[in-house]
1. Excluding residues fewer than 8 places away in the same chain, name every one of the aspartates and glutamates whose C-alpha is closer than 20 Å to that of LYS24.
2. For ASP33, tell me the accessible area in Å² from a 1.4 Å probe, rounded to the nearest 10.
3. At 1.4 Å probe size, with every protein chain present, just tell me what the per residue accessible area of the stretch 3-168 comes to in Å².
4. Measure out, as a whole number of angstrom, how far apart the alpha-carbon centroids of the stretch 91-150 and the stretch 1-69 sit.
Amino acid sequence: MKTIIIQGSARSTGNTDKIAQLLKKQLKADRIDLCLKNIHPYSYEHHHSEDDLLPLMRTIVEYDLIILLTPVYWYTMSGLMKNFLDRITDCLKVEKETGRKLRGKSLATVACGSEPQAIEGFFTPFVLSAEYLGMTYLGSLHTYVRQALPDKANIKSILAFTEKLNKENS
Ligand SMILES: Cc1cc2nc3c(=O)[nH]c(=O)nc-3n(C[C@H](O)[C@H](O)[C@H](O)COP(=O)(O)O)c2cc1C
């Protein structure tokens, strides 16, 4: 079962990346850093179909489990992650054969904030987007990083979540 983590932080080696490294190890997953990609905002005219989005999507659809990992910025997903989700529309309009390959794949979401409590409704767009794309939604996890490292409770919840994903995908 091939797993990929799509990391949507505005910095490559910040707090979200600390969570990514734990997930990567537990799930034996690959990781894509959206911060290093050139992905323009959605355009109705599909002006940007020559940027990194379509090649990236062709890679992503080769995986069985896709994990969207986003920091919490202003109570919601990062702009990079939202931009990426908006641009998946190109796979429904411009390159439909790639979009169709998302059907039946598994999706999970992990958030990284600075507070222990998850934000109400935070994961709803991910759950509904999975449903719209015909993907199986395997679950959501809220994590947080304070004082440079995730704490013990946080690590425990990450391990429980990855164990569940590994079981569901075996
Ligand atoms: C623009 C911005 C907005 C933020 N908004 C929130 C927020 O609404 N709630 C929260 O718990 N943390 C918020 N934070 C803190 C980050 O979620 C937290 O520090 C996270 O671990 C940062 O991950 P990163 O280092 O990968 O960017 C915000 C940080 C930034 C930079």
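1. ASP33, GLU62, ASP64, ASP151, GLU163, GLU168
2. 10
3. Value returned for the stretch 3-168: 52 Å² of accessible area per residue.
4. 12
The values are calculated or read from the model by the stated rules, or taken from the named source; none is laboratory data. No experiment lies behind these values; they were computed from the predicted model shown. These accessible areas exclude ligands, DNA and RNA; they are computed on the full protein's heavy atoms, side chains included. Shrake-Rupley method; radii C 1.70, N 1.55, O 1.52, S 1.80 Å.
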